[in-house]
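For reference, the structure is listed below as structure tokens.
The values are calculated or read from the model by the stated rules, or taken from the named source; none is laboratory data. Just so you know, these numbers come straight off a predicted model, no measurement behind them. Reconstructed Cβ throughout: ideal geometry from the backbone, glycine too, with neighbour counts over all protein chains shown.
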Protein chains: 2
Amino acid sequence: MVTKKATLEASAKLVKSNRGRRKSSVALTREQIASAALTLLSERGIDAFSVRDLAKSLGVYPTAIYHHMATKNDLLAEVVAYALKDMEPPPQGQDWQTWFRELFHRYRSAVQAHPSVAPLIGARLVSNAGVGSDLIEHILTKLVEAGFSEDANIVEAFNVVIAAKVGFVTLELAPQPDELEDFEDMMRVRVNTVNVASYPLMARLLPLLANSAFMMRWENGVRRPMDDSFKAYVDVVIFGLERLRGEVSL
Amino acid sequence: MVTKKATLEASAKLVKSNRGRRKSSVALTREQIASAALTLLSERGIDAFSVRDLAKSLGVYPTAIYHHMATKNDLLAEVVAYALKDMEPPPQGQDWQTWFRELFHRYRSAVQAHPSVAPLIGARLVSNAGVGSDLIEHILTKLVEAGFSEDANIVEAFNVVIAAKVGFVTLELAPQPDELEDFEDMMRVRVNTVNVASYPLMARLLPLLANSAFMMRWENGVRRPMDDSFKAYVDVVIFGLERLRGEVSL
DNA sequence: ACCTGAACACCGTTCAAGT
DNA sequence: ACCTGAACACCGTTCAAGT
């Protein structure tokens, strides 16, 4: 335990506790930068995040960051990878349905732990690059197990899985606008002034939909997790994959 | 046809053709601003978009924009609404499966027509507000037709539909990084240096996956539409919804 | 009501210079 | 190799003043 790695962790902790004042003369690492960036992102949100503030929190000049990261985009991609690094793939030896179910749920949990990175995933091509080859190979293996193959839609099925994995969670955890209160009021009013004559179903279902359905909520998934809907979504995807497997191959 | 609306369109065209030089003394409208913003967004991408450039393209001072829009976020929400305003809901009188299939395909076509707004949808809670009540009522009606109800998962089904509608397309059309060439090269290398021993499946399927699968592509859906995968995705969602309807109600 | 014009408090990023 | 320090060319937004 008392190795280079331990020493590094200790110094990292030191730097972290000295926020704003960089006493240690140990060199910065990409990981330290990513970690500090994630902290800042969580505290202030994506819109308020700046390289200059990040530098300040690390006790260095803004330009020091650019010795480790090429651009701000590069930095954000690193933050995504750092935030999701603890997501472990589901254990092997389960049927493919269970495996994919767990994959989706674990991914959601990982993003829920760092919801501030949600808008960076999926909506930017860079962050895709962060996913490891291990996970890709795993997914392909399970798809073969499910009956897909080079001659039977395995590429399509793969893309369905990835889109399904990322899609719901991105929407669920989409960040709120900065002017919180105005937005809440606006949405409350909008939702509660539904014209009963024009929109009978909407009006009747209002108690169920208000602040619980996409486009009718004023709080996002951080404050109001959509657990039941996510469960239904995962069911739909698994059921659908089961049937897709049985349909025509190319 | 020769109405106020036509006059408005004519004046809008005039202003548009006078890019950078605002001869007309007619007042700006939110629609003109949104239109010009969409043009700029398409030409230069979301990262290069600024209120100041938008003002320049309209021939006004940047601060003039703020007489019509509260913030840049507000403006972007307006642009999303403007870009999607031509998306017509599927015609009525079809079975619910066909209706939802068409909804998904029409939505994709609408975003494909203005792919620069893709990263603004879903990943930001503001843009959700842009969807009209008509569409929401339509979706709910079709879900009731499908067998969902207040006592049987209609909220969950609704959220599944919305997440499905937006999810895939957001990923498919996610914008490329600015430093195009570096990224292409990086991804090409990454994809072509897959370790055959560690990742046998990935290596074998490489010809099929390269530049065609999420996380293994270096061009996005604008240049490389993922038609087959989207089709499979829609199938999966419809199949899944059919079966979800039959499962346990709450 | 709608826009000008000046100003404020910031940005990301480059480059030369220090150690 | 890693960081400082100064500088460049921008930002979004506020506010008073004009018409």
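Quick check on the stretch A:51-60: of everything there that is within 11 Å of DNA strand D (Cβ to nearest atom) and without any contact (Cβ under 8 Å) to a residue 40 or more places away in the chain, which residue is nearest to the other protein chains (Cβ to nearest Cβ)? Within the stretch A:51-60, the match that is nearest to the other protein chains (Cβ to nearest Cβ) is A:VAL51. Output the residues belonging to the stretch B:194-212 that are in a loop (DSSP other than H, G, I, E, B), in contact (Cβ under 8 Å) with a residue 12 or more places away in the chain and at the interface with chain A (Cβ under 8 Å from one of its Cβ atoms). Selection gives B:VAL194, B:SER212. With respect to the conditions (1) exposed (fewer than 15 other Cβ atoms within 10 Å of the Cβ); (2) within 9 Å of DNA strand C (Cβ to nearest atom); (3) of a type outside the set (Phe, Trp, Tyr), A:ASP86 falls short on a single one, namely (2).
Return yes or no: is B:ARG223 farther than 27 Å from B:SER42 by Cβ and exposed (fewer than 15 other Cβ atoms within 10 Å of the Cβ)? Spelling it out, it is not the case that B:ARG223 is farther than 27 Å from B:SER42 by Cβ and exposed (fewer than 15 other Cβ atoms within 10 Å of the Cβ).
Every residue, every condition in (1) of a type outside the set (Lys, Arg); (2) at pLDDT 95 or above, yes or no:
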residue: A:LEU140; (1), (2): yes, yes
residue: A:ALA146; (1), (2): yes, yes
residue: A:ALA152; (1), (2): yes, no
residue: A:ALA157; (1), (2): yes, yes
residue: A:VAL161; (1), (2): yes, yes
residue: A:LYS165; (1), (2): no, yes
residue: A:PHE168; (1), (2): yes, yes
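Report yes if some residue within the stretch B:64-71 is in a helix (DSSP H, G or I) and out of contact with any Ser or Thr (no Cβ under 7 Å at 6 or more places or on another chain); otherwise report no. Yes, the stretch B:64-71 contains a residue that is in a helix (DSSP H, G or I) and out of contact with any Ser or Thr (no Cβ under 7 Å at 6 or more places or on another chain).
Residue-wise test of (1) under 22 Å from the mean Cα position of the chain (by Cα); (2) facing another protein chain (nearest Cβ under 7 Å).
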| position | (1), (2) |
| --- | --- |
| A:HIS138 | yes, no |
| A:SER149 | no, no |
| A:ASN153 | no, yes |
| A:THR170 | yes, yes |
| A:LEU173 | yes, no |
| A:ASP185 | no, no |
| A:ASN192 | no, no |
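Any residue at all in the stretch B:160-177 that is closer than 23 Å to A:LEU173 by Cβ, without any contact (Cβ under 8 Å) to a residue 24 or more places away in the chain and not in a helix (DSSP H, G or I)? Scanning the stretch B:160-177 turns up at least one residue that is closer than 23 Å to A:LEU173 by Cβ, without any contact (Cβ under 8 Å) to a residue 24 or more places away in the chain and not in a helix (DSSP H, G or I). Only a single criterion out of (1) without any contact (Cβ under 8 Å) to a residue 40 or more places away in the chain; (2) closer than 25 Å to A:ILE46 by Cβ is not satisfied by B:PRO115, namely (1).
Among residues of the stretch A:61-74 that are within 14 Å of another protein chain (Cβ to nearest Cβ), those with a beta-carbon under 7 Å from a residue that is among the aliphatic types (A, V, I, L, M) and near DNA strand C (Cβ under 6 Å from one of its atoms) at least six positions away or on a different chain give the pairs A:LYS72/A:VAL51.
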